[in-house]
Amino acid sequence: MQMPILRPTVAEVDLKKLARNMRKVRGQAGPGVKVLTVLKANAYGHGAVRLGRFLEENKLSDFFGAASVEEGLELRRSGIKTPVLVLGSVYPFEAFEYAIENGLAITIASLDAAKAVSEIAGKLGKKALCHVKQDTGMGRIGTRRGGVFNVIDFLAHQPSVILDGLYTHLSSVETDSAYTEEQIGYYRDTLTNVRLHGIHINHCHVAASAAIAARPDVHYDMVRTGHSAFGLEKGFEPILSLKTRVVYVKDVPAGSSVSYNRSFIAPRAMKVATLPLGYGDGYLRALSNKADVLIRGRRCRVLGNVTMDMLMADITDAGPVAVGDEVIAVGRQGDEEITLAELAHRAGTIDYELCTLLMPRVPRIYKE
């Protein structure tokens with residue numbers, strides 16, 4: 001029995017906007033270039049299975065990206081057939097067995113991993129789909145310049161392996177063009193060496209969301225999108241709105257405090273609304289006394305410390321607010337809009353973190 005949605009706090013995901021964003025990404029990528037949509041971390045909090053099914057049914061994505069074998073298996077068990085690349089470094093190596101059995105493409109970031117995947121695939125009697133990760137300067141996972149060709153050459157000569165990809169990740173596209181150029185140069189050197197040795201690789205991919213628009217020269221065979229797909233990149237439509245409703249309205253006299261530790265003292269007589277939204281839902285405590293919500297088309301400041309399940313907002317100048325009125329924490333209401341980027345700036349973080357922190361207890365409602 002499915003539980004009814006009784007608490008009014010929900011995340012609404014607009015699938016039509018997702019489709020428009022994906023078509024825009026494909027237009028930027030250019031003819032013949034495949035698009036991999038990153039569905040890791042529950043599709044940045046938007047709902048990996050639901051978005052994956054929608055993208056597959058509407059033929060909007062050629063590949064999906066997951067952070068772990070477990071995330072890839074979740075997509076497979078939901079019936080998704082689209083190719084899935086596990087972007088994270090797989091450990092322990094025994095996990096390769098699950099990936100190979102379920103047709104997941106695997107990131108190979110070392111010669112040890114290359115040897116392990118070849119051996120496991122051989123024992124299973126199946127082909128392992130492998131994407132070699134080159135660390136050109138991200139400093140996270142991947143084989144550096146000196147050893148990456150050895151990994152590629154080893155895999156290219158294994159009968160149990162399909163060399164499905166070679167990729168890297170650019171760390172500073174928007175902030176350091178010289179460093180980006182250096183990273184791209186290292187990748188190009190590797191690709192030249194691969195081609196000189198007559199080795200075929202199915203998918204060469206470098207550009208993620210920021211680089212798709214900024215660096216069309218490195219689109220190669222495939223690009224990766226997440227930030228753009230979900231409307232977090234400039235020029236794309238945000239697909240997520242975080243909504244709730246007023247559950248309590250009260251008069252607060254001058255000098256009274258609001259929330260824990262008296263972090264807000266009313267400077268005058270005020271009207272205050274209580275909302276069933278808190279850090280237990282993923283709305284950061286760092287937004288205490290800093291963020292706004294939208295009520296009746298007006299910006300209303302969050303008052304006092306955000307609590308686990310509730311927060312308070314100043315409705316003194318918002319008109320006749322009543323219990324049940326809709327509240328927008330992220331999204332548009334009337335002429336006003338609050339974006340994840342705005343909240344991230346106020347909290348001293350990035351929009352990726354805010355959307356991935358949305359907790360499972362916040363129902364995702366999908367609009368088609």
Across (1) open to solvent by 40 Å² or more (accessible area, probe 1.4 Å); (2) within 17 Å of residue 300 (Cα to Cα); (3) hydrophobic (A, V, I, L, M, F, W, C); (4) without any contact (Cβ under 8 Å) to a residue 24 or more places away in the chain, residue 247 clears everything bar (4)
Note down all Cβ pairs under 7 Å where the first residue falls in the stretch 190-205 and is under 19 Å from residue 216 (Cα atoms), the second is open to solvent by less than 50 Å² (accessible area, probe 1.4 Å) and among the basic types (Lys, Arg), and they're at least six residues apart or on different chains. 205/224
Would you check which residues across the stretch 36-65 are of a type in the set (Gly, Ala, Ser) and open to solvent by 40 Å² or more (accessible area, probe 1.4 Å) and list them? 41
Yes/no for residue 340 being farther than 19 Å from residue 44 by Cα and crowded, with 19+ Cβ neighbours inside 10 Å: no
Pick from 140, 195, 188: which is surrounded by fewer than 17 Cβ atoms within 10 Å (Cβ to Cβ) and in a loop (DSSP other than H, G, I, E, B)? 140
Over the stretch 173-185, the set of residues under 21 Å from residue 36 (Cα atoms) and in a loop (DSSP other than H, G, I, E, B) is 173, 174
Please count how many residues of the stretch 143-161 are open to solvent by less than 10 Å² (accessible area, probe 1.4 Å) and either modelled with pLDDT under 95 or out of contact with any Cys (no Cβ under 8 Å at 6 or more places or on another chain) (or both). 3
What are the residues in the stretch 343-358 that are open to solvent by 10 Å² or more (accessible area, probe 1.4 Å) and not aliphatic (A, V, I, L, M), if any? 345, 346, 348, 349, 351, 352, 353, 356
Of all residues in the stretch 121-137, count the ones that are surrounded by 22 or more Cβ atoms within 10 Å (Cβ to Cβ) and part of a helix (DSSP H, G or I). 1
So which of 356, 307 ends up being within 14 Å of residue 242 (Cα to Cα), hydroxyl-bearing (Ser, Thr, Tyr) and touching a Gly at 6+ places or on another chain (Cβ under 6 Å)? 356
Do we find that residue 321 is modelled with pLDDT of 95 or more, open to solvent by less than 30 Å² (accessible area, probe 1.4 Å) and under 21 Å from residue 359 (Cβ atoms) in this structure? no
Hey, residue 117 hits all of (1) farther than 13 Å from residue 160 by Cα; (2) in contact with a strand residue (DSSP E or B) (Cβ under 8 Å, 6 or more places away or on another chain); (3) touching a residue at least 40 places away in the same chain (Cβ under 8 Å); (4) not charged (D, E, K, R) but one; which does it fall short on? (1)
Within the set of pairs 6+ apart or on separate chains, which have a first residue in the stretch 45-57 that is without any contact (Cβ under 8 Å) to a residue 60 or more places away in the chain and more than 14 Å from residue 16 (Cα to Cα), a second that is open to solvent by 10 Å² or more (accessible area, probe 1.4 Å) and in a helix (DSSP H, G or I), and C-beta atoms under 6 Å apart? 48/42
Every residue from the stretch 202-237 that is assigned to a loop (DSSP other than H, G, I, E, B), at negative phi and touching a helix residue (DSSP H, G or I) at 6+ places or on another chain (Cβ under 7 Å): 206, 207, 219, 226, 227, 228, 229, 230, 232, 233, 236, 237
All positions within the stretch 277-304 that are within 15 Å of residue 247 (Cα to Cα) and surrounded by fewer than 16 Cβ atoms within 10 Å (Cβ to Cβ): none
Any idea which of (1) on the phi > 0 side of the Ramachandran plot; (2) touching a helix residue (DSSP H, G or I) at 6+ places or on another chain (Cβ under 8 Å) is the one residue 9 doesn't satisfy? (1)
Selected residue [under 22 Å from residue 157 (Cα atoms), at pLDDT 95 or above and open to solvent by 20 Å² or more (accessible area, probe 1.4 Å)] from 110, 68, 118, 78: 110
Looking only at residues that are open to solvent by 10 Å² or more (accessible area, probe 1.4 Å) and touching a residue at least 60 places away in the same chain (Cβ under 8 Å) in the stretch 225-234, which one is nearest to residue 30 (Cα to Cα)? 227
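The values are calculated or read from the model by the stated rules, or taken from the named source; none is laboratory data. Since this is a predicted model, take the numbers as computed values, not measurements. Cβ: placed from backbone, ideal geometry, glycine included. Neighbour counts: every protein chain shown. Protein only, heavy atoms only, side chains kept; ligands, DNA and RNA dropped before computing areas. Shrake-Rupley method; radii C 1.70, N 1.55, O 1.52, S 1.80 Å.
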